[in-house]
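What follows is a set of notes on a single structure, which appears directly below.
The values are calculated or read from the model by the stated rules, or taken from the named source; none is laboratory data. All values derive from a computational prediction rather than experimental measurement. Neighbour counts run over all protein chains shown; Cβ positions are idealised from the backbone, glycine included.
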Amino acid sequence: MPAYFLGEDSERSASLERRIGEVVPGLINIGKIEDVYHHGKRSMSELSYVLLVGSPDNENAVDSLVAIAEQTRDRILFILISEEISASNYKRLVRTGRADWASLAGAPQEVVEILAKRRGTVRSAEGGREPVTIAFVPSAGGVGNTTLVAEVGVQLKSRKDMKERRICIVDLDFQTSHLCDHLDIEARLKIHEILDDPERLDAQLFELFISPHESGLDVFATPRSKFNVNDVDVATLDALFDMIAQRYDWILIDLPVTWFSWTEDVIANSTGVIVSGINTIPCLRQVSETLASVRSSRPASGSVAIAVNRCERGLLGGIARREHVKSILRDETIFFIRSDEKAMAESANTGVPVSLSTNREIVKEIAAITSFCADVRPAGVQLGDVAPTRRSNVKTD
């Protein structure tokens, strides 16, 4: 993991480089950012660090660094080193997922802390702990998408191999959310508080949005409200998901039936997708159409599956019309969940997921979907997995 130093032509910069070089072995001095790409045989998949010394009070300089960080597609982390920085500029840097800040007075210790956190993130990623995002997409209303997400989330957290994983569900139905009703917890996400200014979402406010479940699963869901959902834009969701990605290993997303301006972006950036429906001819057509929309929004590669809910039993106890479903959704990964109205009604009324209250056949069938979700892996390591910390030299705006 090479580290590069890009500094001013001054004694202060030279002194700082020497101090950092004592704790960061192999620090390489460069004259411009482009030199990172031309130095040695650096791999584009290799994480690199660029330490810059400058003045963040120059808005143009901050704008340029943020633009570079956002446009950098390979794995480079920029660390700006300066005397002080405004809170707004600090947030702008951190939210790129590819930039951070260290105080001049605190260097090189703060630089070492940032590198240690980032290296820890990479080691975790190499061990399969990078954030995995799975979107649950309903093909129609009333197909049990929310119930499925809740059950899978609880099962994921209950698995022995997932006990140490941080798992959450994000409910993007901002008007008629009922996910928390299924889990008997309070919905705390107040999305309207960050609509006008997504940058005000800091760690403290973020913590207030979390609804913890007794299983260890965390939920982000809004209290039911009839506010204008069209006010929610990509920038607002970016701010929310950036914070979530920094803290969780598995992120399950409960999408509403209606497609909004941001729906395709959510699907496109998910590492896995599950399309839900029921076993009727009209709904299977909707599943097929939804699946086509999902495919057009995503790269050719990626984990996509179908969950067919509330299936009737055949004469011998199997799934009725199973072969008909397979003939329509040819070559797709399909999971069948039998109808169990008694168990599901009791679960809805008590707020206790069936996965925690019974060993009925439906639990085993949902477990197959849970295993699918547990096996999903992203194509590459994502940066931005370190929660931003506020330092004493960050100025209040």
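Within the stretch 230-256, the only residue that satisfies the criterion of being more than 23 Å from V132 (Cβ to Cβ) and crowded, with 16+ Cβ neighbours inside 10 Å is V232.
Within the stretch 79-98, the set of residues being at pLDDT 80 or above, more than 21 Å from I33 (Cα to Cα) and either among the hydrophobic types (A, V, I, L, M, F, W, C) or in a strand (DSSP E or B) (or both) comprises I85, S86.
Can you give me the number of residues within the stretch 1-12 that are part of a loop (DSSP other than H, G, I, E, B) and either in contact (Cβ under 8 Å) with a residue 12 or more places away in the chain or not assigned by TED's automatic domain parsing to the domain that holds I79 (or both)? Of the residues in the stretch 1-12, 4 are part of a loop (DSSP other than H, G, I, E, B) and either in contact (Cβ under 8 Å) with a residue 12 or more places away in the chain or not assigned by TED's automatic domain parsing to the domain that holds I79 (or both).
Taking residues in the stretch 13-36 that are part of a helix (DSSP H, G or I), and partners anywhere that are surrounded by 14 or more Cβ atoms within 10 Å (Cβ to Cβ) and of a type in the set (F, W, Y), the pairs with Cβ atoms closer than 8 Å and at least 6 places apart or on different chains are E17/F5; I20/F5; G21/F5; D35/Y4; V36/Y4. Can you confirm whether the stretch 129-139 contains a residue that is on the phi > 0 side of the Ramachandran plot and outside any strand (DSSP E or B)? No, the stretch 129-139 contains no residue that is on the phi > 0 side of the Ramachandran plot and outside any strand (DSSP E or B).
Restricting attention to the stretch 3-26, the residues that are out of contact with any Pro (no Cβ under 9 Å at 6 or more places or on another chain) and crowded, with 16+ Cβ neighbours inside 10 Å total 6. The number of residues in the stretch 275-305 that are closer than 13 Å to A140 by Cα and part of a strand (DSSP E or B) comes to 4.
Any residue in the stretch 201-219 that is surrounded by fewer than 20 Cβ atoms within 10 Å (Cβ to Cβ), under 24 Å from T96 (Cα atoms) and β-branched (V, I, T)? Yes: one or more hits.
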